[in-house]
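K.L.:
Sharing a structure here in structure tokens format.
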Amino acid sequence: LKKHTILYTLNKELYNQILNGNLRELNLEIPFFNEKTLSIDMTIFNINDEHIKVLRNTSQDIVQEYYTPTIRTYAINNNKDGLQGAFVFSKTGLKAVFSLEQKNYEISLLTRDLIAHTYYLTSVNDHPIKSDFICGSNLLSQVPEKIQNINFRNSSVSGCVEVAIEIDYQTFQSFENYQVALDWAMEILSVASVFYLEEIGCLLYTSPSPRD
């Protein structure tokens, strides 16, 4: 496990500047495997307008509300170095997913200590605990060996597709409050949008109305 994991201690002052500031571009240098250092150039990446319409199921009725995201998403610009992915800064901590030299990496929170937050960087491909997640579509073969990205790129379908994320009650209960739950959903959409744009040229975005 140690061979494929690096631990980081968060610089809280820098983190708060990023989260609460209006920085359009970032350059971070982080320790990497084999005693290397990654220099990562990033640009702010927004998929939403200032306010997002949300439908909330309550015990009385379905309520329509407007939500303002508090997260900061940055897309990595180092494409010439084969580095791609996204960093998400939120009140609950830092999350990052990126790929380099055909390997996938993740940065996430390890502990929630009041004194210092500890994060880990791990190689998803080499991690001893393997994920059983499989990506597929009912329009394509569900046999893992036959699922290939080229199938998606050859599609002649174009236009807009509506995408929705539903936060069920059990999942909602795991968050501190309503805002944190919605920020979590926005993190998923933001990171997915970065990879969709880089891989197939499609962008996921949110808007109060379909054409605004």
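The values are calculated or read from the model by the stated rules, or taken from the named source; none is laboratory data. Because the structure is a prediction, the values reported are computed rather than measured. Don't worry about glycine lacking a Cβ; one is built from the backbone with ideal geometry, like all the others, and counts go over all protein chains shown. The accessibility values were calculated without ligands, DNA or RNA, using every heavy atom of the protein model including side chains. Shrake-Rupley method; radii C 1.70, N 1.55, O 1.52, S 1.80 Å.
K.L.:
Which of the peptides 22-33, 54-65, 178-189 is most tightly packed, and how do the rest follow, judged by the mean count of other Cβ atoms within 10 Å per residue?
P.N.:
178-189, 22-33, 54-65
K.L.:
Accessible area of T37, 1.4 Å probe, to the nearest 10 Å²?
P.N.:
It works out to around 90 Å².
K.L.:
Subtract the Cα-Cα distance of E198 and F32 from 0.36 nm times their separation in residues, and report this length gain in nm to one decimal.
P.N.:
So the extension gain works out to 57.4 nm.
K.L.:
Counting heavy atoms of the protein chains only and a 1.4 Å probe, report the per residue accessible area for the range 1-62 as a whole number of Å².
P.N.:
Heavy-atom SASA per residue in the range 1-62 reads 76 Å².
K.L.:
Taking a ≥ b ≥ c as the square roots of the eigenvalues of the Cα gyration tensor of the range 21-98, is the shape rounded (a/c under 1.5), prolate (a/b larger than b/c) or oblate?
P.N.:
Prolate, since a/c reaches 1.5 and a/b exceeds b/c.
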